[in-house]
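The values are calculated or read from the model by the stated rules, or taken from the named source; none is laboratory data. Predicted model only: the values in this text are computed from it and were never measured. Here the Cβ positions follow ideal geometry from the backbone for every residue, glycine too, while neighbour counts run over all protein chains shown.
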Amino acid sequence: MIQEALSPATSVAADLQNKIRTKKARVGVLGLGYVGLPLAVEFARAGFDVVGIDVLQAKVDQFNAGHSYIKDVPDSTFAPLVKSGKLRATTDFSVIRTLDTIDICVPTPLRKTKDPDMSFVVAATEAIAQHIHPGLLVMLESTTYPGTTDELLLPKLSATGLDVGKDFFLCFSPERVDPGNPKFQTANIPKVVGGITAACTEMGALFYKQALETVVPVSSTRVAEMVKLLENTFRMINIGLVNELAVMSSRMGIDVWEVIDAAATKPFGFMPFYPGPGLGGHCIPIDPFYLSWKSKEAGIEARFIELAGHINGRMPAFVVEKIQNALNDARKSVRGSKVHILGIAYKRDIDDVRESPALDIMMLLERLGAKVSYSDPFVDTVNLNARVLHTQDMFPSIATADCVVIVTDHTGLDYEKVIEHSKVIVDTRNALKGFHSPKIVRL
Ligand code: SAJ
């Protein structure tokens, strides 16, 4: 039981535990994006008073007007919580003085030089240090390199004179939000949590248990930080493997999609990944480089990650090569040809274009002199080479294009009609699985 684990001297801990158990703890979430907003909602739904903190006044205003800007949280859930007063937002960080817990859910992007940009985490930590008080539970959720919590956050928070594990509690708990996932959302995704001390871990686990279905305590913040990096590096490496297999199979005249489908019949010891035009999103192409950056500091070269990054990074060029060959077979040069891209979001059925390989493909095509256009039902406009492109009506664009390229396989498109109206179509996602036509060029 938690009680035995804490010495009587930590009445601060006992008091905080009690507030958490009785749901009287005042919960804070710093950073109201696709991680923070759903987390705030879960704790408000569990009965806590929750304050969201964000630096963007526009976000705070929308939040307080009861409008959820996160697709996974419908207004029908969100608005009543705001209306009831259980959920509110502010840009005023001094509210931290009144809080009992605070979750940091701010971005951890990569700089162009592929090293971590910790500026958002540092700013959040410094704000918390400014308003910290005895009895505060601090949890970092942003994906980061192992060592961040103990090397970056702990010194800043301890410099206030408070003792970690006694006066305040500090944990890392990786966010595992998968935007748009119909089956797994914040409440039912198992929650890993590791603290600086055992008392911290137990406090963090007690906290998350109040609102989330499954909590997985681990022995330290570094273990918890590494868990998330393993999860996403696993994906990135395996996607790199099948992308390399796709390039090999293309040269050997083998249908890589058929190979993977047949391998996936193995009922154990195999998990299918699929080749594609490259790696997009704000997790998979980014997170593994947090690990390789940190491992370099430990004198170890993360060769798997670097190699997979190279292979995945080359896929847009491989797709353009396929397009060039398809046009060549039609006795057309890329220069002057009209190439129409179907789908530019980084994965199907979402509107996010961050790191999308479609943008790389379009830039490469323009550099070769092609006239590029796109249709994407989820993405109205996109910035390309300092220009704003708008999504075009699909079928009129396809009819006049010299080559159509499926880069994102959004569901619900009439692919049979797409084939019918295309002169030639490069399919980078096997969206045309089961269709047979000489017009189709598969990855
Ligand atoms: N991709 C492939 N082949 C695959 C799978 C993905 O080329 O077999 C591409 C996608 O098209 C996309 C990129 O990789 O461009 C990333 O796709 P993803 O399916 O990994 O989706 P993400 O980036 O939204 O990853 C998130 C992650 N969630 C968190 O970090 C909390 C990841 O851990 C999830 O496993 C993933 O969603 C998921 O399963 O959907």
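In the range 105-124 there is no residue matching the filter, namely being away from the ligand (no atom under 16 Å from the Cβ) and within 18 Å of Tyr208 (Cβ to Cβ).
Checked against (1) modelled with pLDDT of 95 or more; (2) more than 12 Å from the ligand (Cβ to nearest atom); (3) under 20 Å from the mean Cα position of the chain (by Cα), Pro277 passes all but condition (2).
Those residues that are within 16 Å of the ligand (Cβ to nearest atom) and closer than 19 Å to Ala401 by Cα, I need them from the range 329-367; list them, please. Reasoning before the result, please.
First, the residues of the range 329-367 that are within 16 Å of the ligand (Cβ to nearest atom): 341-362.
Ile341, Leu342, Gly343, Ile344, Ala358, Leu359, Ile361, Met362, listed by residue number.
Scanning the range 307-346 for residues that are closer than 20 Å to Glu366 by Cβ, buried (at least 16 other Cβ atoms within 10 Å of the Cβ) and of a type in the set (S, T, N, Q) yields Gln324, Ser337.
For the range 236-254, the set of residues classified as surrounded by 19 or more Cβ atoms within 10 Å (Cβ to Cβ) and within 9 Å of the ligand (Cβ to nearest atom) consists of Met236, Ile239, Val242, Asn243, listed by residue number.
Checked against (1) within 22 Å of the chain's Cα centre (by Cα); (2) within 15 Å of His410 (Cβ to Cβ); (3) outside any loop (DSSP other than H, G, I, E, B), Met315 passes all but a single condition, namely (2). Taken over the range 356-386, residues that are assigned to a loop (DSSP other than H, G, I, E, B) and either in contact with a Phe, Trp or Tyr (Cβ under 6 Å, 6 or more places away or on another chain) or small (Gly, Ala, Ser) (or both) amount to 4. When the criteria are applied in full, Leu170 fails the requirement of being closer than 18 Å to Thr201 by Cα, within 16 Å of the ligand (Cβ to nearest atom) and touching a Leu at 6+ places or on another chain (Cβ under 7 Å).
For (1) within 23 Å of the chain's Cα centre (by Cα); (2) part of a helix (DSSP H, G or I); (3) of a type in the set (Gly, Ala, Ser), each residue gets a yes or a no:
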position: Val177; (1), (2), (3): yes, no, no
position: Lys183; (1), (2), (3): yes, no, no
position: Glu202; (1), (2), (3): no, yes, no
position: Lys228; (1), (2), (3): yes, yes, no
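Condition first: over 29 Å from Asp427 (Cα atoms) and in a loop (DSSP other than H, G, I, E, B). Can you find one or more residues in the range 275-295 that meet it? No, because not a single residue in the range 275-295 is over 29 Å from Asp427 (Cα atoms) and in a loop (DSSP other than H, G, I, E, B). For the range 275-287, the set of residues classified as in contact with a helix residue (DSSP H, G or I) (Cβ under 6 Å, 6 or more places away or on another chain) and under 21 Å from Leu245 (Cα atoms) consists of Pro275, Pro277, Gly278, Leu279, Gly280, Ile284, listed by residue number. Only one of the numbered conditions (1) more than 10 Å from the ligand (Cβ to nearest atom); (2) at pLDDT below 95; (3) within 23 Å of Val407 (Cα to Cα); (4) not polar (S, T, N, Q) is not met by Pro288, and that is (3). Checking each residue of the range 299-306 against the condition of being surrounded by 22 or more Cβ atoms within 10 Å (Cβ to Cβ) and touching a Leu at 6+ places or on another chain (Cβ under 6 Å) gives no match.
Taking into account only those residues within the range 291-304 that are of a type outside the set (D, E, K, R) and either out of contact with any Phe, Trp or Tyr (no Cβ under 7 Å at 6 or more places or on another chain) or free of Cβ contacts under 8 Å to residues at least 24 places away in the same chain (or both), which is farthest from the ligand (Cβ to nearest atom)?
In the first step, residues of the range 291-304 are kept if they are of a type outside the set (D, E, K, R); the result is 291-293, 295, 298-300, 302, 304.
Filter once more, keeping what is either out of contact with any Phe, Trp or Tyr (no Cβ under 7 Å at 6 or more places or on another chain) or free of Cβ contacts under 8 Å to residues at least 24 places away in the same chain (or both): 292, 295, 298-300, 302, 304.
Details: Ser292: 17, Ser295: 19, Ala298: 23, Gly299: 27, Ile300: 23, Ala302: 18, Phe304: 17 Å.
Among residues in the range 291-304 that are of a type outside the set (D, E, K, R) and either out of contact with any Phe, Trp or Tyr (no Cβ under 7 Å at 6 or more places or on another chain) or free of Cβ contacts under 8 Å to residues at least 24 places away in the same chain (or both), the one farthest from the ligand (Cβ to nearest atom) is Gly299.
Hey, can you tell me all the residues within the range 432-443 that are in contact (Cβ under 8 Å) with a residue 60 or more places away in the chain, in a loop (DSSP other than H, G, I, E, B) and not basic (Lys, Arg)? Spell out the reasoning first.
Quick first cut of the range 432-443, residues in contact (Cβ under 8 Å) with a residue 60 or more places away in the chain only: 433, 441-443.
Subsequent filtering for residues that are in a loop (DSSP other than H, G, I, E, B) retains 433, 443.
If the condition is that a residue be in contact (Cβ under 8 Å) with a residue 60 or more places away in the chain, in a loop (DSSP other than H, G, I, E, B) and not basic (Lys, Arg), then Leu443 is the only one that fits.
Any residue at all in the range 411-424 that's in contact (Cβ under 8 Å) with a residue 40 or more places away in the chain and touching a Gly at 6+ places or on another chain (Cβ under 6 Å)? Checked the range 411-424: no residue is in contact (Cβ under 8 Å) with a residue 40 or more places away in the chain and touching a Gly at 6+ places or on another chain (Cβ under 6 Å).
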